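First the structure, in the form of structure tokens, and then the observations on it.
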Protein chains: 2
Amino acid sequence: MKNEFMEIAIKEAQKAKSAGEVPVGAVVVLDGKVIGKAHNLTESLSDPCAHAEILAIKEACANLSNWRLCDASIYVTLEPCPMCAGAIINSRIKNVYFGAYDARMGACGGKIDLFRENLSGHSINVYGGFYEDECKKLLADFFKNNR
Amino acid sequence: MKNEFMEIAIKEAQKAKSAGEVPVGAVVVLDGKVIGKAHNLTESLSDPCAHAEILAIKEACANLSNWRLCDASIYVTLEPCPMCAGAIINSRIKNVYFGAYDARMGACGGKIDLFRENLSGHSINVYGGFYEDECKKLLADFFKNNR
């Protein structure tokens, strides 16, 4: 099933790869429009918080002048880590679509599941394994070439 | 027991309070020196990621031009939430000292314990309830006056 937003997230991940970063991209969508998109910039910015999801959420909030992203969706090529899943909870995002599962750091079911800890007053819908093969290949190719 | 870094974190929390923000402050310390300090700016910046810990970690990393804060300590007036505990894991911070426990969102033992999930290759030492009464009072006074 084709999805334009996940394809934008994959393009963002490819930008990260070109910059020598772990290839992860994220897109925040509200009412069918992209309000934030970003790729991982941890190395370039020397910032452990510069994951794709955090940067996309910050851009979306700046666009809305609001820290609450109620009813928004996030599309991300790799399962969010605890920091990013926590940011998703804090921002009140409603739907999470992710590509590859992360058995080491995934916080949406891959390793732990923060969304099932009843941490927030709102419920979050999670769809894992979206464009999984493509997202996994992007990561596998990167680590094969870089490690 | 007096601790100069926790006292700086409390001063940061008081700045947040003056700005109408939930009063939380954080300080990152390496080799006995403050390399990052910040207070919660969620409302002022319309940014759900602008918690004291995230801002202090970003400042510390900018000062070192390095996203790794191995051997650093963080002092924070409130138990870190999942996002901030995740950022602490990602940044490789070694020691976490926090004031008030957070039974709703605390991710260092208060509600859940991310540091015991074996998510990272490094171990993190946690000291909760440091200057607890003072940190709790700061939060209680704020919520009594604002909600």
Enumeration of residues in the range A:32-42 that are in a loop (DSSP other than H, G, I, E, B) and either farther than 16 Å from A:Leu69 by Cβ or within 12 Å of chain B (Cβ to nearest Cβ) (or both)
A:Asn40, A:Leu41
Pair list, Cβ under 9 Å, 6 or more apart: the range B:9-20 residue under 18 Å from B:Glu79 (Cβ atoms), other residue among the charged types (D, E, K, R) and surrounded by 17 or more Cβ atoms within 10 Å (Cβ to Cβ)
B:Ala9/B:Lys37; B:Glu12/B:Lys37
If a residue has to be more than 10 Å from chain B (Cβ to nearest Cβ) and in contact with a Leu (Cβ under 9 Å, 6 or more places away or on another chain) to count, how many in the range A:44-59 make the cut?
1
Within the range B:63-78, is even one residue within 24 Å of A:Asp113 (Cα to Cα) and within 10 Å of chain A (Cβ to nearest Cβ)?
no
Within the range B:109-127, how many residues turn out to be in contact with a Gly (Cβ under 8 Å, 6 or more places away or on another chain) and more than 12 Å from every other protein chain (Cβ to nearest Cβ)?
2
Return only the number of the condition from (1) out of contact with any Leu (no Cβ under 8 Å at 6 or more places or on another chain); (2) touching a residue at least 12 places away in the same chain (Cβ under 8 Å) that B:Asn145 does not satisfy.
(2)
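Since every read-out is calculated from the coordinates, none of them should be taken as a lab result. Just so we're clear, the structure is a prediction, and the values are computed from it rather than from any experiment. Because the Cβ atoms are built from the backbone with ideal geometry, glycine has one as well, and the counts that use them run over all protein chains shown.
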